[in-house]
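Read through the structure below, which is laid out as structure tokens, and then see the notes.
The values are calculated or read from the model by the stated rules, or taken from the named source; none is laboratory data. Everything numeric here is computed off the predicted structure, so don't read it as measured data. Methodologically, a virtual Cβ is constructed for each residue, glycine included, from the backbone with ideal geometry; neighbour enumeration extends over all protein chains shown.
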Amino acid sequence: MNVLAQTEETLKQEIASAVTRAGLAEAEELPEIILEKPKDKAHGDFAANIAMQLARIAKKAPRKIAEDIVEALDETKASIEKVEIAGPGFINFFMKDDFLGEIIPAILKAGKKYGHTDAGKGEKVQVEFVSVNPTGDLHFGHGRGAAYGDVLSNLLEAAGYDVKREYYINDAGNQIDNLALSVEARYLQALGEDAEMPADGYHGKDIIEIGKTLAAEYGTAWKEKDREERVAFFREYGLKYELGKIRKDLSEFRVEFDQWFSEQSLYEDGQIEQALKKLDDYVYEKDGATWFRTTDFGDDKDRVLIKQDGSYTYLTPDIAYHKNKLDRGFDKLINVWGADHHGYIPRMQAAIQAMGYDKNTLEVKVIQMVSLFEKGEKVKMSKRTGNALALRELMDEVGVDAARYYFITRSNDTQLDFDMDLARSESNDNPVYYVQYAHARICTMLKQAEAKGFDLNAAFDAKHLTTEKEMDLMKKLGEFPQMVADAAQMSTPHKVTQYVFELASLLHSFYNAEKVLDQDNRERTNARIALMKAVKITLANALQLIAVTAPEKM
RNA sequence: GUCCCAGUAGCUCAGCUGGAUAGAGCAACAGCCUUCUAAGCUGUGGGUCGCAGGUUCGAAUCCUGCCUGGGACGCCA
């Protein structure tokens, strides 16, 4: 299925055996053979730097080593057309053109599965992301983390990992008490009372809405009830309301979780006590509190687990949650956090190690901040809510396709400027449309082909694809599975938007240069139709990975 | 003060597990629609890769120091 990778593999093996045959190095001391795809076509289809790497081992000049390797190469084995030595000792390989011929049939056969590999070998990975406190609206910044976690999960699945997506609900602790008290205050205010918001209350307009709704539904009934009972009810009500809204927004943003994990459930099952027991060797008492010696694992200072008042810090149930994850048998845990939480990483990794696991079992991906720009100016606050722009409002403004695409274009560790006008624009400035248009264009062509009586499933021979633009397209198509595997392995979803943009660009370029449907050249037309189908599949699969739609027409 | 991220073309960013003349989009300039969607294509100009050292046959990429911008340093979550 991964044709290009197979070609590469064969070539690597042949180079390796040529090196040993030429007596340049023993098999054990052979460095990993690295083949790169040169940017400049004059440097061939693949280039190897092995001669430079061997300079020290073989104690010879790189160019001389390269000559020896080339001498020993069996060119028939790896379908090599031509070999050149260049620069300081690069060996450039020009492959027989037909090595590309296998790509299109492989794509047509694989269909929606094209790009999938078994690189991950079924390893169990859990991706925890978003996990926003259910005390208010998701804002646009959360959208970046949501898109990142979701696309990363998609990539891991495509690369053959066994992935579970999870949202950790902070439904215990202070912030939920504050939510309850905030709801209470808004409820009483809705009844015309002069109730004051708690000091750390949540001032979002959504809480005001809850208050009004409660007042309308129950009138003064809750006001007359026992305070404790009332707050308990508001607590549940507020939680359910906020969580429902978060679920709905994320669902609309095309993000679905396998599990919504309740912090409260950790309290109910005694899991926190169990986790504390597990940390026992690294726990001590001081100043009436219980501490975790995270400095044993490189943290700046030790951290409190149980406060003087006997309650847990945020860290403690979170450790229990991670113990729970590990107990479920995941090989790898990936957490997606906002940049403002980066300082929390050392203590969490300390916990992982204290529980007997390798530090890298937990990988934390930090997502840098997002700034919104409109009409060239930074948008700080929403006029409507007084808070940061809600994710819902962003979706309404620019659409889910554009929002998701933009969040994914940039590497997670650079701050993102989100240009609202650009995301909204239906013009060639907008990369989302550019890519989608490529897909739509192919769909139109294929419809035209049918209308003109071409058989879309006619037999074809890729040898009729001879122009440079066709070659470029086929090479690009062939890179897709490796790109997916790399992006999954390196947690770099932005490689997908980059790839899909490049593929779209090659398609547009080809489209403008060549005509696909030609009654006078049936054989070439059949081959080109097959090529177009392969590009369409690959574009659609790439867009599927980032959950952006692939329209049939625009 | 310590830690994390960034600093690459006028702007927004790729490239960073070291490799050949540093890439893309936008902006600027010049062209392309009687032909499968011009939401497109073709071409031109544009760079001390923040600064200074170091490692290396080779550094935007690795190491050290410094500068600038953003973020974090709670018995908050």
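For segment A:286-300, the criterion of a residue being outside the structural domain of residue A:204 (by TED's automatic domain parsing), among the small types (Gly, Ala, Ser), in contact (Cβ under 8 Å) with a residue 60 or more places away in the chain and within 15 Å of RNA strand B (Cβ to nearest atom) is satisfied by no position. Summed over segment A:399-436, the residues that are of a type in the set (Lys, Arg), within 21 Å of the chain's Cα centre (by Cα) and in a helix (DSSP H, G or I) give a count of 1. Taking segment A:423-458 as the range and being under 23 Å from residue A:374 (Cα atoms) and near RNA strand B (Cβ under 8 Å from one of its atoms) as the test, the residues that pass are A:426, A:427, A:428, A:429, A:430, A:431, A:433, A:434. Restricting segment A:169-188 to residues that are near RNA strand B (Cβ under 8 Å from one of its atoms) and part of a helix (DSSP H, G or I), which is nearest to residue A:244 (Cα to Cα)? Among those that are near RNA strand B (Cβ under 8 Å from one of its atoms) and part of a helix (DSSP H, G or I), it is A:176. When each of A:115, A:101 is tested for being at positive phi and more than 16 Å from RNA strand B (Cβ to nearest atom), the lone residue that passes is A:115.
Considering segment A:247-285, and only residues there that are in a helix (DSSP H, G or I) and touching an Asp or Glu at 6+ places or on another chain (Cβ under 8 Å), the residue that is surrounded by the fewest Cβ atoms within 10 Å (Cβ to Cβ) turns out to be A:264.
Cβ separations smaller than 7 Å between residues 6+ apart or across chains give the following pairs from segment A:71-91 residues that are in contact (Cβ under 8 Å) with a residue 40 or more places away in the chain and closer than 24 Å to residue A:56 by Cβ to residues that are away from RNA strand B (no atom under 16 Å from the Cβ) and of a type in the set (Asp, Glu): A:73/A:14.
Here's the yes/no breakdown for (1) at pLDDT below 85; (2) in the same structural domain as residue A:183 (by TED's automatic domain parsing); (3) more than 30 Å from residue A:145 (Cβ to Cβ):
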position: A:40; (1), (2), (3): yes, no, yes
position: A:71; (1), (2), (3): no, no, yes
position: A:89; (1), (2), (3): no, no, yes
position: A:117; (1), (2), (3): no, no, no
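Residue count for segment A:31-56, restricted to those that are within 11 Å of RNA strand B (Cβ to nearest atom), more than 24 Å from residue A:473 (Cα to Cα) and among the aliphatic types (A, V, I, L, M): 5. Any residue at all in segment A:17-30 that is in a loop (DSSP other than H, G, I, E, B), within 11 Å of RNA strand B (Cβ to nearest atom), under 39 Å from the mean Cα position of the chain (by Cα) and not aromatic (Phe, Trp, Tyr)? Scanning segment A:17-30 turns up no residue that is in a loop (DSSP other than H, G, I, E, B), within 11 Å of RNA strand B (Cβ to nearest atom), under 39 Å from the mean Cα position of the chain (by Cα) and not aromatic (Phe, Trp, Tyr).
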